[in-house]
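Notes to accompany the following structure.
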Amino acid sequence: MSEKWSLHIEVQRQKGKEQPHFDRFDLEISPEATVLDAVEMIWAFKDRSLCFGHACHHSTCGACGMRVNGVEKLTCITLISEVTQNGGTLRLQPLRNLPVISDLVVDLTPLYHRMAEVKHPSVHPVEENEGVASQQIAQAGKSNNPYTRLADCIECGLCISVCPAAMTSPAYIGPAVLAGAQLAVVMDEHVCAIVDTQNGVWRCHSAYECSEVCPSHVQPAQRIMQLRRHLLSQRIRRFFGLQSLHQRKQ
Amino acid sequence: MDKPKAVIIGAGFTGCATAHDLALRGFDVTVVERGPIANGTSGRTHGLLHSGGRYAVDDQESAVECIEENLLLRGLVAECLEQNGGLFVALDESDLEYARRWVQSCERCNIPVEQVDVKQALAWEPNLTSKILAAYTVPDATFDPLRLALTFAATAQTNGARFRLFTEVEGLIERNGAIRGVRCQERTTGKSSELYADCVINATGAWAGKIAQMAGDATIVVKPTPGVMVAYDQRLCNRVINRLNEPGDGDIIVPQRRMVVIGTTSFEVDEVDYIPVFEDQVQMMRECAIQLIPAVAATRQRGAFMAARPLIGSSASGRSIARTFKCFDHQETHGIGGLVTITGGKATTLRAMAEKTADTVCAKLGITAPCQTREYPLRSYREFRGSDAYQ
Amino acid sequence: MNRIFQKPGNAIQWFDPRGRQLGYLAFILNRITGMGLALYLLLHLIMLGKLAQGPQAYNSFIETVHHPVFIFGELLVIFAALIHGLNGLRIILTSFGIGVEKHKPLFTVLMIAALVSGVYFAARMIAR
């Protein structure tokens, strides 16, 4: 427990309109501490002007996403020992493809607004195998499942930062939002109008990297593919003069 | 007529809720916060919307506050709540002993408690230890801390309140024995600025003593009392599981998303800007969690974190200090005008804390405006506008 | 208000594989082979343009492309076409919701197929 690693931490800094640059801090820290702990220590003991995003420190709020040695991580659950070794260097940068406020903080509220537009539910029923036995759900009646939980997606923006399509087309609504649409309870015309466009589900280039960095089991890439399947089947139905699926549901 | 101006220091639960309350009462509100929303104690809570059961025996004032606010918030912030309820479970003779007093106390505090068959409890929560001797349901719930604060902030912002995040208060502006504003520095640019107000509200929780000292008032003592919480990587229960006994270490397990979070410990510190997570406490939490939910033993740890409760100082220590909140008018405590401090309390009572604070501020400024936050519908947390909040 | 809008990255960043997984490798491969094939298409059209200049011009052009460098180039085109085509097949399948959960093994299998058939074509070309 008392073991300490000495690390060199390079932090990307940017205040106001100045050019981004790196500041280097040397830090003694336990390998079992998190990357966010390291950042908070730099702020507390070395440089009070360092800006970084954080709130819950246990992966439920999604505020502390950063690029750690070039890879998107939710820093509150990323242990130092997972990303470097004793004497190693950690390079911390803000997420890409979102507006930077300063240093390591990006503004996630544009993402929140998009999630609201596609009506991603922030709370939904608990599924089977999540601690609720199927017979319990059956007892309560599927429609009246008394177990609800907060959604998987914590709107952290890691998937948007890693996405190569988002990198070159800022208008692309991004993996989190498309996954949010796929999870929306009603895929109405309003949601379809956002998703079924060039900057929606068809912009994805199948790099699957969003699912690789997602810290919260959302699997955005897989959901984008399910969404494509849904939209394609609707188009095929329309072509043959059949009713679309969501009209039928109503 | 110009609106009365209020500056709130701190955008945690209390600060955001107070901004909402004062904006509704016609104030021109500015919230200054040195970091992002809810980056201190508020963000790092357990996420438990208390039924009040935990406090029913020893701290009935807190228990009553909790159940009242709990039932109110269910309707107001449904968007960031898991409303699955909670169970209090007894594991041994001493728990059963405590249960009798506890049930009576809950009745007195109007906390709806119902005993359920042990078999029923185990059917609901199959991962719960089969050793339970008794189980009671309570209306606990789980909340998302950042989103709860953002809900109040978004509503306040919609009603005209301004948020200035990453803006650190460096000093208070004093004129003729009264606080008239704050001097602050924008951490994103390094620029300094001054904000004037008819009333400054110190909503900095565990840091409230420091701000009070800036005003020269050392009478307010806040004892930052951290506790550790540990998150495990699987949703092992759907209800909040409470150990049915005196409040103690590691006696509450809260489900959240695909996790369960166990907490907590209690010790005192002086410095709260950085509190390390102690490995022995994490280990202790794991052992406590295994007692209630044995499957924790086989579950990967996802995170461990520390948060400092802002307990209002007295000679008592730790858990025996009441968990209720207090609002101080510094005119009364130290003869300083224009400054109000709100501290203590807990997440569940954020709205009530804001109401009390706004009442105090209104009384101070001779303003009559009723509190509307009990019924005023809140906006979605997703409506918070970062473009207006980052300076 | 102080928000620094990050400039969109230039496409060169697409080709940075550091810290990335298999799906991203597929993405990079598809960009490279796609651009290679587009370049080839251009050369191919120029070659066809020779036809318009009469049989002599065409025949002398064909003489030059028997040079080993061009043979090697043709091999590259074959490999690029196989990789791009089969990878494209994977993207079409997954876009119809087929094999989404198995996109990595699907990629591996298709790339092995591309390699095997590429080697087969190469052997035939060299044997000729």
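The values are calculated or read from the model by the stated rules, or taken from the named source; none is laboratory data. What you see is a predicted model, and the numbers here were worked out from it, not measured in a lab. Backbone-built Cβ (ideal geometry, glycine too); neighbour counts: all protein chains shown. The area values use the complete protein model at the heavy-atom level, side chains included, leaving out ligands, DNA and RNA. Shrake-Rupley method; radii C 1.70, N 1.55, O 1.52, S 1.80 Å.
What the table shows:
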item: Spatial extent of the protein assembly as shown: Rg and Dmax, with the Cα atoms as the point set, Å; result: 29.6, 107
item: Cα gyration tensor category, rounded, prolate or oblate, for the range A:5-106 with a/c compared to 1.5; result: oblate
item: Size of the A/B contact, given as accessible area buried on both chains, probe 1.4 Å, in Å²; result: 4600 Å²
item: For B:299-305, mean number of other protein chain Cβ atoms within 10 Å; result: 5
item: Largest-first ordering by accessible area, 1.4 Å probe, given options B:S192, B:S42; result: B:S192, B:S42
item: Shielded by partner chains, the range C:11-36 residues - at least 50 Å² of accessible area, 1.4 Å probe, vs chain alone; result: C:W14, C:R20, C:Y24, C:F27
item: Share of carbon and sulfur in the accessible heavy-atom surface of chain B [1.4 Å probe, %]; result: 48 percent
item: Solvent-accessible area buried by C and B, counting both chains, probe 1.4 angstrom, square angstrom; result: 400 Å²
item: Solvent-accessible heavy-atom area per residue, rounded to whole Å², over the range A:5-106 at 1.4 Å; result: 31 Å²
item: Average accessible surface area per residue within the range C:11-55, 1.4 Å rolling probe, Å²; result: 64 Å²
item: Accessible surface, 1.4 Å probe, highest first, among residues B:D270, B:D92; result: B:D270, B:D92
item: Exposure ranking of B:K131, B:K223, B:K3 by accessible area [1.4 Å probe, largest first]; result: B:K131, B:K3, B:K223
item: All lysines inside 21 Å of B:K3 as judged from Cα atoms, apart from same-chain residues fewer than 8 positions distant; result: B:K356, B:K364
item: Summed buried accessible surface, chains A and C, 1.4 Å probe, nearest 100 Å²; result: 2800 Å²
item: Share of carbon and sulfur in the accessible heavy-atom surface of chain A [1.4 Å probe, %]; result: 50 percent
item: Those residues of the range A:42-65 for which accessible area with every protein chain present is at least 40 Å² below the isolated value (1.4 Å probe); result: A:W43, A:R48, A:C51, A:H54, A:A55, A:H57, A:H58, A:T60
item: Anchor C:K104: aspartates and glutamates whose Cα lies under 17 Å away (excluding residues fewer than 8 positions away in-chain); result: A:E209, A:E212
item: Net +/- balance of residues flanking B:A178 in space, Cβ distance below 15 Å, scoring K and R +1, D and E -1; result: -1
item: Residues in the range A:178-214 that, when all protein chains are in place, have 10 Å² or more less accessible area than the chain alone would give (probe 1.4 Å); result: A:H205, A:S206, A:A207, A:Y208, A:E209, A:E212
item: Loop-located GluC sites (Glu not before Pro) in the range C:55-128, at most 14 other Cβ atoms within 10 Å (DSSP); result: C:E101
item: Charged-residue dipole, Cβ positions (Lys, Arg, Asp, Glu), the range C:21-128 about Cα centre, Debye nearest 20; result: 180 debye
item: For chain A: relative contact order, % (alpha-carbon pairs under 8 angstrom, 6 or more apart); result: 16 percent
item: Listed residue (A:L95, A:A55, A:V83) projecting farthest to the positive dipole end of the range A:5-106, Cβ model; result: A:L95
item: Table column - 3J(HN,Hα) (Hz), the range B:140-157, Karplus curve with 6.51, -1.76, 1.60, x for Gly and Pro; result: 6, 8, 10, 10, 8, x, 4, 5, 5, 5, 5, 4, 5, 5, 4, 5, 4, 4
item: Loop-located trypsin sites (Lys or Arg not before Pro) in the range C:1-68 whose Cβ has at most 13 other Cβ within 10 Å (DSSP); result: C:R18
item: Shielding by partners, peptide C:92-104 (average Cβ within 10 angstrom, other chains); result: 5
item: Choice from C:V69, C:V109, C:V77 showing the highest fluctuation, given a GNM over chain C with Cα pairs closer than 10 Å; result: C:V69
item: Excluding exposed DSSP-loop GluC sites (Glu not before Pro) (at most 10 other C-beta within 10 Å), longest clean stretch of chain B; result: B:1-270
item: Cα-based reach from A:K46 at 14 Å (exclusive), listing aspartates and glutamates while leaving out same-chain residues under 8 positions away; result: A:E10, A:D23, A:D26, A:E28, A:D37, B:D273
item: For chain B: accessible area per residue (Å², 1.4 Å); result: 35 Å²
